[in-house]
Amino acid sequence: MIRFGVIGAGKIAQTFSTAMPHTHGILYAIASRNLDKALSYQEQYGYEKAYGSYEAMLSDPLVDCVYIATPHGLHYEHMMLALDYGKHILCEKSFTLNARQAKDVFDKAKSKHVFVMEAMWTKYLPVIQATKRLIDQGLIGNLLKMDVSFGFDAEHRRGSRLFDPAMGGGALLDIGVYVMTIATYFLGIPQSMDSTVMLDASNGFDLSEDIHLHYPKAHAHLRCSLSEKLDNICTLTGTQGTMEIIDFWRAEHAFIYDLNHQLIQEIHIPHPINGFEYQIQGVIDAITNHQTESTIVTHQATLEIMKLMDQLRASWGLKFPNE
Ligand SMILES: NC(=O)c1ccc[n+]([C@@H]2O[C@H](COP(=O)([O-])OP(=O)(O)OC[C@H]3O[C@@H](n4cnc5c(N)ncnc54)[C@H](OP(=O)(O)O)[C@@H]3O)[C@@H](O)[C@H]2O)c1
């Protein structure tokens, strides 16, 4: 049985804590900078241990795997610390601020022979796995085009980590990472790309962007926004039909149409809990099998997406203060 310790008692830690009892893992410890907060999570979710500092939890030899649930600007520091203690790691997205940090983490994890994975839960969802299989089997023919968006109006959250450059704030690292992940999962690494961005230049973050990925025989149009609700659908157009994945990042529903737009297949797989259970069980299985890397969210995939996001930010003249 793998015992999990969570770093950071914030919002996403609640999603993780709710899903965990429905896997074969143990919700062992919660660590917050504030012991009272850790104690209240312990009471609410049934953790065995509560710690008032991250290092105190990492010193507990019974913690096998650490789930890092802090803002992305802190992931590098917290992963390096967890590796000093020889822990396996599941770290929230975006994995780090840039590709250089991601490579450092993977190199150190390799030298310690421990498992590390970006918590890109979307790739573990059965609807995503099923649609990927069908595409690979040629159900809609050769892929020609992808249109995908992820956006919501977060203006009321100004002042939060979402808009804090020191925390990796901005649309790209918060939600752009999802559209980049789904595009590269289905289409691979593009030959070239271009983009237009709406910057909040005085505050040093990106509010929204349109990204075009160019492939030899296909094209992908990706949109993400922290100021506007978008349709959040991933549409794949092939030579033999079309596929729509609704709310692709937390997908439970997909529709496949022929060239006459007649529905030929519907996939509907509701989450048993909130969808996090699939990636958590994936991590447990991988660690139990002595793997140091997931076969679904590979180190290479995380690194390549970080590199693409580095290129986009460089083209916009956007640098985080702490990189
Ligand atoms: N997979 C998903 O669907 C999903 C959804 C939302 C977010 N996320 C990712 O999860 C991570 C956390 O997001 P969240 O929405 O849970 O954030 P959050 O509610 O702000 O929680 C982050 C936690 O990090 C800890 N922390 C440590 N140092 C901090 C600092 N200097 N400033 C702020 N917090 C600090 C805090 O915990 P303590 O005070 O307890 O130490 C805080 O509660 C982000 O990387 C985000 O991209 C993923």
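The values are calculated or read from the model by the stated rules, or taken from the named source; none is laboratory data. For clarity, every value in this text was computed on a predicted model and none was experimentally measured. Quick reminder, even Gly has a Cβ in these numbers, built from the backbone with ideal geometry, and neighbours come from all protein chains shown. SASA here: full protein model, heavy atoms, side chains in, ligands and nucleic acids out. Shrake-Rupley method; radii C 1.70, N 1.55, O 1.52, S 1.80 Å.
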TODO: Quick one: divide the alpha-carbon radius of gyration of the range 126-270 by 2.2 N^0.38 Å and tell me what you get.
DONE: 1.11
Open item on the list: For residue 265, what residues show an amide H to amide H distance below 5 Å, using hydrogens built from the backbone and excluding near sequence neighbours?
Closed with: 256
Task: Heavy-atom accessible area per residue - the range 126-270, 1.4 Å, Å² - done: 43 Å²
Open item on the list: For a Förster distance of 35 Å, can you work out the FRET efficiency between the beta-carbons of residue 263 and residue 192, rounded to the nearest 0.05?
Closed with: 0.50
- [ ] Largest first and to the nearest Å, give the Cα extent of the range 16-153 along each principal axis.
- [x] 54, 34, 34
TODO: Could you tell me the largest-minus-smallest coordinate of the C-alpha atoms of the range 266-323 on each of the three principal axes, in descending order and whole angstroms?
DONE: 42, 35, 22
Task: Distance (nanometres) between label positions extended 7 Å along Cα→Cβ at residue 273 and residue 160 - done: 2.2 nm
Open item on the list: In the range 45-67, whose amide N lies under 19 Å from the spot 7 Å out along Cα-to-Cβ of residue 84? List them in ranges.
Closed with: 51-67
- [ ] Whole number in Å², please: accessible area per residue of the range 1-58, 1.4 Å probe, ligands, DNA and RNA not counted.
- [x] 47 Å²
Open item on the list: How would the range 183-238 be classified by its alpha-carbon gyration tensor: rounded, prolate or oblate, with rounded meaning a/c under 1.5 and the a/b versus b/c comparison settling the rest?
Closed with: oblate
TODO: Tell me which residues come under 5 Å, amide H to amide H, from residue 49 once H is placed; ignore anything under 5 positions away on its chain.
DONE: 29, 30
Open item on the list: Quick one: 3J(HN,Hα) in Hz for the range 25-30, Karplus 6.51/-1.76/1.60 with θ = phi - 60°, rounded, Gly and Pro as x.
Closed with: x, 10, 7, 8, 9, 10
- [ ] Rank 184, 173, 78 by how far each Cα sits towards the positive end of the charge dipole of the chain (+1 on Lys, Arg Cβ; -1 on Asp, Glu Cβ) and give me just the farthest.
- [x] 78
Task: ³J(HN,Hα), Karplus 6.51/-1.76/1.60, whole Hz, each residue of the range 296-305, x for Gly, Pro - done: 9, 10, 7, 4, 4, 4, 4, 5, 5, 5
TODO: Take the Cα pairs of the chain, get the Kirkwood Rh, then feed it into Stokes-Einstein at 20 °C and 1.002 mPa s and tell me D in µm²/s.
DONE: 106 µm²/s
Task: Cα pair distances exceeding 14 angstrom across the range 140-202, given as percent - done: 68 percent
- [ ] Return one quarter of the surface area of the convex hull spanned by the alpha-carbon atoms of the range 39-113, equal to its mean projected area, in nm².
- [x] 5.1 nm²
Open item on the list: If I take R0 = 45 Å and measure r between the Cβ atoms of residue 231 and residue 319 in this structure, what FRET efficiency does the formula 1/(1 + (r/R0)^6) give, to the nearest 0.05?
Closed with: 0.90
TODO: Have a look at 128, 151, 219 and report the one farthest towards the positive end of the charge dipole of the range 126-270, computed about the Cα centre with Cβ charges (Lys/Arg +1, Asp/Glu -1).
DONE: 128
- [ ] Compute, for residue 85, the solvent-accessible surface of its heavy atoms (probe 1.4 Å) with the complete set of protein chains present, and express it in square angstrom to the nearest 10.
- [x] 80 Å²
TODO: Provide, for q = 0.20 Å⁻¹, the log10 of I(q)/I(0) from a solvent-free Debye sum over equal Cα point scatterers in the range 220-323.
DONE: -1.20
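Go through 87-98, 273-284 and give me the packing order, highest mean Cβ count within 10 Å leading.
87-98, 273-284
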Open item on the list: I need the GluC sites (Glu not before Pro) found in the range 217-265, filtered to DSSP loop residues with at most 15 other beta carbons within 10 Å of theirs.
Closed with: none
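Counting pairs of alpha carbon atoms under 8 Å apart in space and at least six apart in sequence, what relative contact order in percent does the chain give?
19 percent
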- [ ] Just grab the label-to-label distance for residue 203 and residue 110, each label 7 Å out from Cα along the Cβ direction, in nm (one decimal).
- [x] 3.9 nm
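So for the range 126-270, averaging the separation of alpha carbon pairs under 8 Å that are six or more residues apart and normalising by length, what relative contact order in percent results?
Relative contact order here is 30 percent.
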- [ ] Rounded to whole Hz and in sequence order, give me ³J(HN,Hα) for the range 57-71 from the Karplus expression 6.51 cos²θ - 1.76 cosθ + 1.60, θ = phi - 60°, writing x for Gly and Pro.
- [x] 5, 5, 6, 6, x, 7, 6, 8, 10, 9, 9, 8, 10, 9, x
